[in-house]
Amino acid sequence: MKKVMILSAAALMLSLAMPQLSKATNVQNASTMIQIQEVKYQEIKVADIPEAISGTIAKDYAGYKTGKVFMGNDGTYKVGVSKADVKEDLFFDAKGVFIKAEKPTFKAAKPATKTPAPAPVK
C-alpha cells in the first residue's frame, strides 16, 4: 500500500509539472533590431523647395531670411533661416510637413598640428 501511495504522489507531481514544462519550451525570445541610417543632405536652390515648405516658412517664420536649403537622400528638407542673431535649421518631410526646428550645429575644423622638426644630427 505504501508503494501505491508513493507512485500515485509521483504521478500527480509529474502531471502538474508537465504543463509548466511545455509552456517554458514554447516561449521564444523576440527581439527587434532598429537601425538608424544617417541622412546625407545635398544643397539645392531656394526656388526648388516645395510650395508647402515656402508657405510654412512665410507664415510661421515671417521676417526670417531663408539661407541654404538642402534635400536629404530620404526626401526630407533642411532649410536654414535667420533673423538678426537667431538662426534655426527647419526640417520638413517629403510632403512639406514641418518636422522640427534645431539650432544649427557646426562641425569645427580640426586645427592643423605641426610635427616638430627632427633634431639635427651631429
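The values are calculated or read from the model by the stated rules, or taken from the named source; none is laboratory data. Worth saying up front: this structure is predicted, and the values here are computed from it rather than measured. Note: ideal-geometry Cβ built from the backbone for every residue, glycine included; neighbour counts use all protein chains shown.
From (1) at pLDDT below 85; (2) surrounded by 10 or more Cβ atoms within 10 Å (Cβ to Cβ), pick out the condition that doesn't hold for P50.
Status for P50: all satisfied but (1).
Which one of these does K59 not meet: (1) assigned to a loop (DSSP other than H, G, I, E, B); (2) at pLDDT 80 or above?
(1)
In segment 16-29, is there at least one residue being outside any helix (DSSP H, G or I), of a type in the set (V, I, T), modelled with pLDDT of 90 or more and over 21 Å from the mean Cα position of the chain (by Cα)?
Scanning segment 16-29 turns up no residue that is outside any helix (DSSP H, G or I), of a type in the set (V, I, T), modelled with pLDDT of 90 or more and over 21 Å from the mean Cα position of the chain (by Cα).
Could you check how many residues of segment 62-103 are part of a strand (DSSP E or B), surrounded by 15 or more Cβ atoms within 10 Å (Cβ to Cβ) and β-branched (V, I, T)?
Looking only at that region, the number is 4.
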